[in-house]
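Structure, as C-alpha cells:
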Amino acid sequence: MSDLDRRQRGHGSAYGRYRQTRKYGTGMIILFWIILMGLMVVIFGDALERQVNPNRRPETSQSFSESRVALKKNRLGHFVASGRINDHAVDYIVDTGATSVVVPWTLAENLSLELGVPILAETANGVIRVYETRLGTVRLGNISVPNVRANINPHMQGDKVLLGMSFLGQLELVLKEGELTLIQQNQ
C-alpha cells in the first residue's frame, strides 16, 4: 500500500485520527442525550405521580388512644392515597359519597376476592349490577379495619379503589385547611 493510499484511507494521518475522534465524540454526545432524556423521564414521571397521588406514604401519628392519618389533596382536589387490601398494595380515592368500598373488577381478580351476591347499585352513571364481597383487612397508613363490606364493580375503569363509608364510617374524619385527617380510636 502506497503512502497516497494510506493517506486517502486515513491510516496514520492527522485526518484519519480526526475522523476517528470525531466518530467517538459524536457517539459520546448521543449517549449523553440518551442518558439525560432517561433521567428526565424518571424525574418528571415521579413528579407527575406525586401530583396524582401526594399520599404514597401518608403522614401518620399514633398515641395510646388513637391512630391518625393526614391526607393532602392532589392537584385535582381529590384525596388519593396508597394503602393495602388483604396485604396487597392498592391506591385509594377517598369517596364519602360511596356507601361501601368499591373495587374494580380487574383488581378484584388480582386480589382473588370472592364474588358474592349480585346487587343493583345506584351510581352517577345510573343503576348497575355489582357484587358484594368482604375484605379481610383495609389498611391506610397506621389505620387498619378488619372485615370491611365492599362491592366489586365490573364497569369501573382503572385500578383505584373507592374508599367508601363502609371503611370511613368507622373513623372520625376532620377536614381542615384542605387536609383530611382520619382518626381511629384504639381499643
For a protection proxy built on the mean count of beta-carbon atoms within 10 angstrom, sort 126-133, 160-167, 27-34 highest first, please. 160-167, 126-133, 27-34
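Is the shape of region 59-185 rounded, prolate or oblate, going by the alpha carbon gyration tensor and its root eigenvalues a ≥ b ≥ c, with a/c under 1.5 for rounded and a/b larger than b/c for prolate?
Verdict is prolate for region 59-185.
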SER65 paired with LYS176, simple spin-label distance in nm, labels 7 Å along Cα-to-beta-carbon: 1.5 nm
How much length would be gained if the chain were fully extended between ARG149 and SER112, taking 0.36 nm per residue of separation minus their Cα-Cα distance, in nm to one decimal? 11.8 nm
Sequence-distant lysines (8 or more away, or on other chains) whose Cα lies within less than 22 Å of LYS160: LYS72, LYS73
Cut-off under 5 Å, modelled amide H: who pairs with ALA98 long-range: MET165
Potential lengthening between ASP159 and SER82 on full extension [0.36 nm per residue; Cα-Cα distance subtracted]: 26.5 nm
Extended-chain gain in nm, criterion 0.36 nm per residue less alpha-carbon gap, THR21 and ASN186: 52.4 nm
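No value in this document is a laboratory result; all are computed from the given coordinates. The model shown is predicted, which means the values in this text are computed figures rather than measured ones. When we count neighbours, we look across all protein chains shown, and the Cβ atoms used for this are built from the backbone with ideal geometry, even at glycine.
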